[in-house]
Amino acid sequence: MELREIKDSEIGKVKELRDYAFRVPASGGEADFNYWAENARRLGLFYGEHLLAQVLTYPLNVSILGESFSMGGIAYVASYPEYRNAGLIRRLMEESLVKMKEAGQLVSYLSPFSIPFYRKFGYEVFTEKIEVEIPNHALPDMGTVPGRVMRFTSEDGTGISVVRELYNRFALTKKSGMMMRDDAWWLRLARRGYTKEIAVYCDMNGVTMGYMLFTLDSEVFKVHEMVALDYEAERGLWRFVGTHSMMVDRVVAKNVGSLRDIALAFPSPDFQKREILDFMMRIVDVEAFLGKYRFERTENTLYLQVEDETAPWNDGIFEVRGSFVKRLEQTSEPVLAISIQALGQMLMGFVRPRDLVYYGKATASEVTIATWEKAVPHVRSDFYDAF
């Protein structure tokens with residue numbers, strides 16, 4: 001059995017395994033799949049010329065605390081059924097992490113078929129999503145707004161340029177963990193029909209402050225994502241949705257905020273809500289990640305003891321003073337002892353240091369916990385995309 005990169009001429013074998021394992025056609029069509037397969041790092045385990053298992057890694061970027069981090073997006077992890085539980089995927093995942101580190105990809109994301117399965121490789125849930133379903137008679141009255149909504153379509157270059165600018169501002173300033181979308185990614189969204197209809201909210205001065213990507217599918221108004229820089233824009237966009245109440249039976253919306261956001265934003269949030277944990281992440285290179293991460297200013301030096309069974313280069317003790325990071329053989333200083341999974345959750349903003357200690361995901365003294373609480377920014381992680 002040979003572990004090697006899958007050649008361009010062997011992408012057909014990747015498709016065969018994809019189709020056999022997933023039984024669901026690529027939502028963006030074959031042209032979209034081919035583009036990403038050609039640009040991915042493709043690792044496979046072969047017996048002779050037969051592909052037995054595969055892992056693809058997309059070269060992507062995400063925003064963490066306003067900084068762009070190179071990210072390896074794991075996709076199409078699969079093996080033929082007769083080779084499952086034989087350790088093939090473990091070998092491929094471990095080699096993928098080595099390749100990501102060599103390429104400078106500091107973090108990695110994936111969409112799990114099983115959360116416990118990918119925890120074994122150092123990944124952990126870092127964002128929670130909700131999907132809401134609102135019958136037309138229950139669409140809320142959001143009141144009047146001073147601005148107005150303009151509609152665009154995917155064929156309108158002006159609409160796309162406005163949306164891209166707003167998304168970048170939102171991703172860099174309002175959230176942590178969001179995709180930094182380049183031209184290729186916007187084309188991917190277009191292929192999936194997400195940009196077919198666009199609503200943009202402008203305030204009373206004509207400044208664009210929010211947008212919504214949506215489609216009208218039969219009698220369902222589908223919101224694919226909503227980005228608002230302030231609550232006025234959010235209200236204006238939901239008010240726009242409400243104007244369609246005579247045209248549709250219900251509204252189905254995702255990527256519109258957290259459960260708390262819905263509770264705060266809606267006068268009467270009495271409609272169906274479904275919480276989803278659908279993406280996981282891990283830090284690929286702890287030392288490099290810590291050196292780039294924007295800790296809050298603190299006079300204290302931080303000491304961290306990381307446990308990482310899958311990527312041994314991360315296993316050890318780290319000293320952090322601002323952007324200066326040093327690996328230590330040992331220390332007598334009080335440390336925050338933490339797994340690679342919990343470290344990613346904490347630094348992405350999904351959970352606070354004190355909560356991790358409470359749930360037994362980390363250990364530290366009360367003084368050390370207080371130090372880390374001051375050092376880790378209060379951010380909110382989110383991720384609107386999929387692969």
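The values are calculated or read from the model by the stated rules, or taken from the named source; none is laboratory data. In this text, all values refer to a predicted model and were calculated from it rather than measured experimentally. Don't worry about glycine lacking a Cβ; one is built from the backbone with ideal geometry, like all the others, and counts go over all protein chains shown. Heavy atoms of the whole protein, side chains included, go into the accessibility calculation; ligands, DNA and RNA do not. Shrake-Rupley method; radii C 1.70, N 1.55, O 1.52, S 1.80 Å.
Applying D = kT/(6 pi eta Rh) to region 130-276, where Rh is the Kirkwood radius over alpha-carbon pairs, T corresponds to 10 °C and eta to 1.306 mPa s, the Stokes-Einstein value obtained is 102 µm²/s. Dipole check for the chain: with +1 at the C-beta of Lys and Arg, -1 at the C-beta of Asp and Glu, and the Cα centre as origin, the magnitude is about 100 Debye. Projected onto planes of every orientation and averaged, the convex hull of the alpha-carbon atoms in region 217-362 covers 12.5 nm². Here r is the Cβ-Cβ distance between Asp19 and Ser68 and R0 is 51 Å; the resulting FRET efficiency, rounded to 0.05, is 0.90.
Checking the Cα-Cα distances for Lys292/Lys374; Lys175/Lys361; Lys7/Lys254; Lys15/Lys99; Lys101/Lys174; Lys101/Lys326 against a 26 Å cut-off, the pairs over it are Lys7/Lys254; Lys101/Lys174. Counting every alpha-carbon pair across region 285-375, the share separated by more than 20 Å comes to 26%. For region 332-387, the fraction of alpha-carbon pairs lying more than 13 Å apart is 59 percent, rounded to a whole number. Whole-Hz Karplus values for region 180-189 come out as 8, 7, 9, 4, 4, 6, 5, 5, 4, 4 Hz, taken residue by residue from phi with 6.51 cos²θ - 1.76 cosθ + 1.60 and θ = phi - 60°; glycine and proline positions read x. The residue among Ala375, Gln330, Pro353 whose Cα reaches farthest toward the positive pole of the charge dipole of region 285-375, with charges on the beta-carbon of Lys, Arg, Asp and Glu, is Ala375. With q set to 0.11, 0.13, 0.17 Å⁻¹, the log10 of I(q)/I(0) for region 205-297, from the Debye formula over equal scatterers at the Cα positions, is -0.48, -0.62, -0.87.
For the chain, the 222 nm mean residue ellipticity estimated from helices alone, with every DSSP H stretch of n ≥ 4 adding -39500 (n - 2.57) and the total spread over all residues, rounds to -9000 deg cm²/dmol.
Applying 0.36 nm per residue to the separation of Glu309 and Leu277 and subtracting their alpha-carbon distance, the gain on full extension is 9.1 nm. Per residue, the accessible area of region 259-379 comes to 53 Å², computed with a 1.4 Å probe over protein heavy atoms only.
The calculated pair-distance distribution of region 139-180 uses every alpha carbon pair, bins of 5 angstrom beginning at 0, and gives 5, 17, 17, 16, 20, 20, 5 percent. Counted residue by residue at 0.36 nm each, then reduced by the alpha carbon distance between them, the extension gain from Ala86 to Ala263 reaches 59.1 nm.
Lys222 sits among other residues whose Cβ lies under 14 Å from its own Cβ, and their net charge, with Lys and Arg +1 and Asp and Glu -1, is -3. Remark: the Asn34-Leu328 segment gains 101.4 nm on full extension, using 0.36 nm per residue and subtracting the alpha carbon distance.
The shape of region 2-110 can be summarised by an equivalent ellipsoid whose semi-axes, obtained from the alpha carbon gyration tensor, come to 24, 17, 12 Å from longest to shortest. Of all aspartates and glutamates in the structure, the ones whose alpha carbon falls short of 15 Å from that of Lys273, not counting any fewer than 8 places away in one chain, are Glu128, Glu131, Glu133, Asp261. Return the whole-Å distance between the Cα centroid of region 219-241 and the Cα centroid of region 100-130. So the two Cα centres are separated by 29 Å. Of the beta bridges in region 236-387, as assigned by DSSP with both residues counted there, near 75 percent are antiparallel.
Which percentage, to the nearest 5, of the DSSP beta bridges contained in the chain is antiparallel? Given both bridge residues lie in the chain, the antiparallel proportion sits at roughly 85 percent.
Peptides 25-33, 284-292 ranked from most to least packed give 284-292, 25-33, packing being the mean of other C-beta atoms within 10 angstrom over each peptide's residues.
Taken about its Cα centre, region 2-110 carries a charge dipole of about 260 debye when Lys and Arg each add +1 at the Cβ and Asp and Glu each add -1 at the Cβ. Sorting the segments 67-73, 4-10, 105-111 by their mean number of nearby beta carbons within 10 angstrom, highest to lowest, gives 105-111, 67-73, 4-10.
Across the options Phe318, Phe266, Tyr303, the greatest Cα extent toward the positive end of the charge dipole of region 218-341 (unit charges at beta carbon of Lys, Arg, Asp, Glu) belongs to Phe266. Relative to its residue count, the chain spans a Cα convex hull of 156 Å³ per residue. Taken about its Cα centre, region 285-375 carries a charge dipole of roughly 380 debye when the Cβ of each Lys and Arg holds +1 and the Cβ of each Asp and Glu holds -1. DSSP beta bridges confined to region 285-375 are antiparallel in about 75 percent of cases. Between the residues Leu290, His224, Gly193, the greatest Cα displacement towards the positive end of the dipole of region 184-323, with unit charges on the Cβ of Lys, Arg, Asp and Glu, is found for Gly193. Loop-located trypsin sites (Lys or Arg not before Pro) in region 19-73 (DSSP state other than H, G, I, E, B) with a sparse environment of at most 11 neighbouring Cβ atoms within 10 Å: Arg23.
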